[in-house]
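Here the structure comes first, spelled out in structure tokens, and everything after it is commentary.
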Amino acid sequence: MITLRTFAEVRAAVSGSVSLVPTMGFLHEGHLSLISAGSEVADTTVVSLFVNPTQFGDDVDLDAYPRNEERDAALARNAGADILFAPSAEEVYPEGKRVTVQVGGVGDAMEGRFRHGHFEGVATVVAKLFAGIDPDHAFFGRKDAQQLAVVRTMRSGLRFAVRIHGMPTIRELDGLALSSRNARLTPEVRGDAISLSRALFAAADAIEDGIDDAAQIRAIAQSVIEDVPGVELEYIEVADAHSAAPIDAIVGDSFVAIAARVGGVRLIDNVAVEAETMTVDRGTVLDHRSILYEEAPCF
Ligand code: AMP
């Protein structure tokens, strides 16, 4: 695996079909599942590593984002990456952030309401990666269900030919969805964080028992969270999988999403509902402690 810093270098280095896995680094098993899947379908797998400033609302959050390129390079290589693309901000924004991509509607609710400008930053950076690398496949986690809807809408709207793959959420031993931000949870609040997945799993049980009314589903999830004083809930929403618009009842494929702050760390999670069978995909739980907590994972 090689580490490259410019789009031109990446275009010159790839051969055959290309998978792209965009990340902000501090890799965990969720990212690694995307990289492995990418390396199975293409000749060259490119993992991008870029903490994108335009998708952060405040500089405190941006500065606190965990970073370790050496660690990420070893993990990405081990998972099957051929190229780690770690560009500078100047390489990604040579025009000084004057070019932006907006995806109306899909990004308005949930994350859009609590993180103004976030999806414009996401859509812009992913469009730049698609334009600059021209991948055949791109891999995203369903953990960020609304982001996936934004990226799919951006792809079709801008006529990128890349095929988008949405991959299942990988969870820690206790059910907490893996996120690089989990590394910032202190032992004191770690237990509180589990209530997010517990709330979603309670909602999932209700859906599988035949409840399709969104207000009822939200209330069931909320009752789990309410009892945990350390959790500041931002939203619980039931939304259409494609438009990411909040819905009143489950009629098509959809997801139940939650966002909360736990000990100052903002966490999001969701479970995906397949409407035809009324079954819920809760993701995959690891059977070991996550590499996220190893400073220097062994390979
Ligand atoms: P990030 O580095 O947080 O921007 O995430 C990079 C990609 O990994 C995104 O497509 C995320 O949706 C995906 N991802 C993050 N966490 C998980 C997870 N726990 N399971 C699966 N995919 C994930």
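Derivation of every value follows stated rules applied to the coordinates shown; laboratory data play no part. Since we're looking at a predicted model, the values are computed, not measured. Heads up, the Cβs are rebuilt from the backbone with ideal geometry, glycines too, and the neighbour counts pull from every protein chain shown.
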Compare the Cα positions of Gly175, Ala199, Phe50 along the charge dipole of the chain (+1 at Cβ of Lys, Arg; -1 at Cβ of Asp, Glu; about the Cα centre) and return the one farthest towards the positive end.
Phe50
5 angstrom amide H check on Arg266, placed H, neighbours 5+ away
none
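Before rounding to the nearest 500, sum -39500 (n - 2.57) across all DSSP H runs of length at least 4 in the chain and divide by the residue total; then give [θ] at 222 nm in deg cm²/dmol.
-11000 deg cm²/dmol
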Between segment 52-71 and segment 97-155, what is the separation of their alpha carbon centroids in Å?
17
Tell me, what HN-Hα J-couplings in whole Hz come from the Karplus equation 6.51 cos²θ - 1.76 cosθ + 1.60 at θ = phi - 60° for each residue of segment 179-188, using x for Gly and Pro?
8, 4, 5, 4, 4, 8, 7, 7, x, 5
When the chain is treated as a GNM, springs tying every alpha-carbon pair under 10 Å, which of Ala73, Ala249, Ala81 comes out with the largest mean-square fluctuation?
Ala249
Could you tell me which of Leu267, Ala241, Thr284 has its Cα farthest along the dipole of segment 212-287 towards the positive end, charges placed at Cβ (Lys, Arg +1; Asp, Glu -1), taken about the Cα centre?
Leu267
Contour excess over end-to-end distance, with Cα ends at Val251 and Arg5 and 0.36 nm allotted per residue:
84.0 nm
When only Cα pairs under 8 Å and 6 or more residues apart are kept, what is the percent relative contact order across segment 1-153?
34
Quick one: Karplus J couplings for segment 22-27, per residue in order, coefficients 6.51, -1.76, 1.60, θ = phi - 60°, nearest Hz, x for Gly and Pro?
x, 9, 9, x, 6, 5
